[in-house]
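Taking it in order: structure first as C-alpha cells, then the write-up.
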There are 2 protein chains.
Amino acid sequence: MKLATLKGPGRDGRLVVVRGDLRRAVEVPRIAPTLQAALDDWEALEPALRQAAARLEEGELGPEDVFPLDPAQCAAPLPRAYQFADGSAYLNHVALVRRARGAELPEELLDDPLMYQGAADGFLGPSDPIEVTDEAFGIDLEAEVAVITDDVPMAVSPQAALGHVKLVMLLNDVSLRRLIPGELAKGFGFFQGKPRSACSPVAITPDALGDAWREGKLHGALRSSINGQELGRPEAGLEMQFDFGRLIAHAARTRPLAAGTIVGAGTVSNQDPAVGSSCLAEVRTIETIERGKATTGFLKFGDRVRIEMLDAAGHTILVSPLMYCMTTGEERSFWPDMGVPGG
Amino acid sequence: MKLATLKGPGRDGRLVVVRGDLRRAVEVPRIAPTLQAALDDWEALEPALRQAAARLEEGELGPEDVFPLDPAQCAAPLPRAYQFADGSAYLNHVALVRRARGAELPEELLDDPLMYQGAADGFLGPSDPIEVTDEAFGIDLEAEVAVITDDVPMAVSPQAALGHVKLVMLLNDVSLRRLIPGELAKGFGFFQGKPRSACSPVAITPDALGDAWREGKLHGALRSSINGQELGRPEAGLEMQFDFGRLIAHAARTRPLAAGTIVGAGTVSNQDPAVGSSCLAEVRTIETIERGKATTGFLKFGDRVRIEMLDAAGHTILVSPLMYCMTTGEERSFWPDMGVPGG
C-alpha cells in the first residue's frame, strides 16, 4: 500500500491512497482524514485502507473519486510529526564527514548507533522550496531512507521493533554545514545546523516494497542529483551498520515512541567511490583527501535537488523529493548579529 | 487565563479553562477540543477562551458545567507536542554540571545559548509515574520553566519572539545521568539520557502571571522537593542569562517553529548555595567539590518529586508536577545487553 498527503486545508493535509504506479490516488476521509490519524489507530484502520488500495488498483473506483497524483500538490506524508529520530547507520559517511572535521571514528560506533533528535514540527513537501536566509550557512542535502512507526513500547527488542515499521519513505535531511562544527562543539548536538527536512511524496508499507525490503533495510540505489547532474547512487541496503530494528530499539531504550515517529537511517554512503555520494560534504571531503582542497561548493539559491530510489530494473520505486533552495529576507534585519559561527 | 488538559478520550485529551485559584474548571469543546487545536488557531480562538475564563471567574457558569480540577485527572497541557527545544539559560547549573564532568564553561556560552532538541512525542502528566527500567541509569529531576509558542517565523528577532509566548508552565526534564556522559561523547547530543519530561497541570498566559512575568522571564522561587524534603528554591528570574525571547530566536534562527512548540529555559539554578538546587546532579557536584565525594544518590523507584512555583507571598502560582518513579520490566529481557555505558 502506498500513501500520500495532499496539502491543505488544515496543517496536516488530507490522506490519500496511491495506486501502485504512483499515477492515481483516492481520498479516504471516511477512513482517516490524515496520515497521523491513521497511524494513531493503525491496527483498526489498516484493513479499510488496504481495501481502498485494492479497489483503486483493480479499477473498481469511479472517475469521480480517482484523480491524477500531482507531486506538486503533495505535502510530506506527515507535514508535522511528533518525533524525528535520525540515525547515522552508514559508517562510511560518518567516517568521511568526521575526517573532514579532523575527528576520528570511535570503535564503539560499530556497536552503538549514532542518533540525534531532529526537528519534527514541520517537514517540507517534495516540491517545496528549502528556505534558507544565507547561502553562507553551507546548504547541503543528505539523501536518506526513513521509516514511520506506530506506537513503540519502551525497551523494545530490535526484533520486535521491526514490526513497528508501518511505512518507508525518502528524506532529504537538509544540513547547514558551516553552522554544525560550532554547534557540535557546544556539546548538545544539532539544532540550527539541521533545519526542516523534506520528504518523498509517497510513503510505502514494507510489504509493497517486495524484495527491496528485507533484513530491516531498504535495498536499492538511492540516486541524488543537483540541477539534473547525478551526485551519486549508492546502494541503501549495503554497508548499513544498523537495520531499522536496531535503530528503533536504540531510540526506544529509555522511553516509548509515539505513533508517527519518523526514524531515519542517515546519509546513504558506500565505500565504493564509483557510486558517488548522497551529500556535498562527502564530495568535499573526498576532494580534500585526494587534492588537498575542496573545490565543489554547497547548494546555491535556485539549485534543484532530486532524490529517488530505483528498483533493480532502474524504475523509480519511491518518487523523489524535488526541491530547490530559495532565500527569505523576512525579519532578517531584526537579527543583526546573525553571523556564521565557526564558518 | 489558565488552561489545562484532562486525560482522554483521545491522545490529546480535552482542553479545559481553569479558574484563577486553580480549583475549578470548565470544558470548552465548542471553542477548541484540545490545546493543540487552540494553539493552531490561537489568534481566532483566544477571545472566546478568555470569555469562558471570565465567565468562570465571575461565577456565571452553572454547576452542570463547572467541576473541581483534580490534578490526578490532568495530562500535560500538551500530552504530545511537535517540538521541545530545551535551552540551558542558568549558567550556574551549566558550570556546575560541566565541572562534575570535568569540563569547563566556554566563554562563548555567555552570548550563545545552549539548546538541545528534546523528545516531544509524549509528556507526562503531573501525577504520572516516571517509568524507568533501571535505577542504575541515575534518574534525576530537572525543575524548569517552559513556554509554549504559537507559529514563530524563521529568523525572528528576540524582541518579536517574546510576542509568540502564549503560555507558561513548569516542567521536569527527567534526566538519566549515567547515560549522558557516554551519549554526549558521541557528539550528537542527548537522546537516551533525556526520556519523557513531565509538565505542570496548568499552563498560564503571561498576562495572568502579572508582575511575575517581566523582561521575558518568570520571576518566583521554584521549589523542588523529594519525598516531602525540600531540595531547593532558587529564584527563576535571577541569573537567567537568556530570556525567552533570546531562546526562541535561537531556536528559530534557521527555521520556523510550529504552533505548540515548547521552549524550556533549563534547570533553574542560583549562585547562592543557600537556596539549594533543582536537580540532584548539582547537589552531587557541590558535594564532590566540597568533600571530594558525592554522597547523595539519584532518585529511587517509589520516590516522589514535587516541583512548584511560589509567588512573593509564598502561594503556589503554578501547581507542581507531583511524580514518582516506577519500574517497568516489560520487554526488558529482550535486550540483554542493556548495560549502562559510561556508568
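Key figures for this structure:
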| quantity | calculated |
| --- | --- |
| From the C-alpha gyration tensor of chain A, square roots of 5λ in Å | 32, 22, 20 |
| Relative contact order computed over chain B (Cα-Cα under 8 Å; 6+ residues apart), in percent | 22 |
| Most positive-pole-ward Cα, B:Gln192, B:Val165, B:Ala155, against dipole of region B:151-207 from beta carbon charges | B:Gln192 |
| A:Asp243 accessible area, 1.4 Å probe, all protein chains in place, Å² to nearest 10 | 40 |
| Ellipsoid equivalent to region B:1-144 - semi-axes via the Cα gyration tensor, in Å | 37, 19, 14 |
| Dipole magnitude of region B:1-99 about its Cα centre (Cβ charges: Lys, Arg +1; Asp, Glu -1), debye to nearest 20 | 540 |
| Accessible surface of the protein assembly as shown, 1.4 Å probe, proportion on carbon and sulfur as whole % | 49 |
| 1.4 Å probe, heavy atoms, protein only - residues of region B:171-202 losing at least 20 Å² accessible area vs chain alone | B:Leu184, B:Lys186, B:Gly187, B:Phe188, B:Gly189, B:Phe190, B:Phe191, B:Gln192, B:Pro195, B:Arg196 |
| Accessible area buried at the B-A interface, both sides summed, 1.4 Å probe (Å², nearest 100) | 5900 |
| Pairwise centroid distance, computed over Cα atoms, of region B:210-224 with region A:253-268, Å | 36 |
| Around B:Arg30: net Lys/Arg minus Asp/Glu count, Cβ-Cβ under 13 Å | -1 |
| Derived scalar couplings ³J(HN,Hα) [region A:64-75; Karplus, 6.51 cos²θ - 1.76 cosθ + 1.60; whole Hz; x for Gly, Pro] | 6, 9, 9, 9, x, 7, 9, x, 5, 8, 8, 8 |
| Sorted largest first, extent of region B:116-217 alpha carbons per principal axis (Å) | 43, 33, 22 |
| Base-10 log of normalised Debye intensity for the protein assembly as shown (one unit scatterer per alpha-carbon) at q = 0.10 Å⁻¹ | -0.93 |
| Amide H within-cut-off set for A:Gly297, under 5 Å, with H built and near neighbours excluded | none |
| For region A:57-83, residues shielded by at least 50 square angstrom of accessible area compared with the chain on its own, probe 1.4 Å | A:Arg80, A:Tyr82 |
| Computed magnitude of the charge dipole of chain A (debye, nearest 20; Cβ of K, R +1, Cβ of D, E -1) | 520 |
| Qualifying trypsin sites (Lys or Arg not before Pro) for region A:19-96 [loop in DSSP, other Cβ within 10 Å: at most 12] | A:Arg23, A:Arg30 |
| Inter-centroid distance (Cα atoms) of region A:124-168 relative to region B:124-173, Å | 23 |
| Cut-off under 5 Å, modelled amide H: who pairs with B:Arg255 long-range | B:Ala155 |
| D (Stokes-Einstein, µm²/s), Kirkwood Cα radius, region A:173-281, 0.890 mPa s at 25 °C | 152 |
| For A:Arg50, label point 7 Å along C-beta direction: distances to other copies, nm | 5.2 |
| Among B:Leu171, B:Leu69, B:Leu124, residue whose mean-square fluctuation peaks in a GNM of chain B (springs only between Cα atoms under 10 Å) | B:Leu69 |
| Most mobile of A:Lys300, A:Lys186, A:Lys194 in a GNM of chain A (Cα contacts under 10 Å) | A:Lys186 |
| Net dipole in debye of the protein assembly as shown [+1 Lys, Arg Cβ; -1 Asp, Glu Cβ; about Cα centre; nearest 20] | 440 |
| Under-30-angstrom lysine pairs by C-alpha in chain B, whenever the two are 8 or more apart or on separate chains | 15 |
| Loop-located GluC sites (Glu not before Pro) in region B:33-111 whose Cβ has at most 15 other Cβ within 10 Å (DSSP) | B:Glu58, B:Glu60, B:Glu64, B:Glu104 |
| From the C-alpha gyration tensor of region A:42-90, square roots of 5λ in Å | 29, 17, 11 |
| Where the protein assembly as shown is the region considered: accessible area per residue in Å², 1.4 Å probe | 37 |
| DSSP-defined antiparallel bridges as percent of all bridges, chain B, nearest 5 | 85 |
| Long-range amide H partners of B:Val16 with built H, under 5 Å | B:Ala4, B:Thr5, B:Leu6 |
| J(HN,Hα) series, region A:203-216, from Karplus relation 6.51 cos²θ - 1.76 cosθ + 1.60, nearest Hz, glycine and proline x | 10, 10, 5, x, 4, 6, 8, x, 5, 5, 9, 8, 6, x |
| Candidate residues B:Ile248, B:Ile31: accessible-area rank, largest first, probe 1.4 Å | B:Ile31, B:Ile248 |
| Gyration tensor (alpha-carbon) shape descriptor, region A:124-169, a/c threshold 1.5 | prolate |
| 3J(HN,Hα) from dihedral phi, region A:142-155, Karplus parametrisation 6.51/-1.76/1.60, rounded to Hz, x for glycine, proline | 9, 7, 9, 9, 9, 10, 10, 9, 8, 5, 10, x, 4, 6 |
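The values are calculated or read from the model by the stated rules, or taken from the named source; none is laboratory data. None of these values were measured; they are calculated from a predicted model. Neighbour counts run over all protein chains shown; Cβ positions are idealised from the backbone, glycine included. Accessible surface areas use protein heavy atoms only, side chains included; no ligands, DNA or RNA. Shrake-Rupley method; radii C 1.70, N 1.55, O 1.52, S 1.80 Å.
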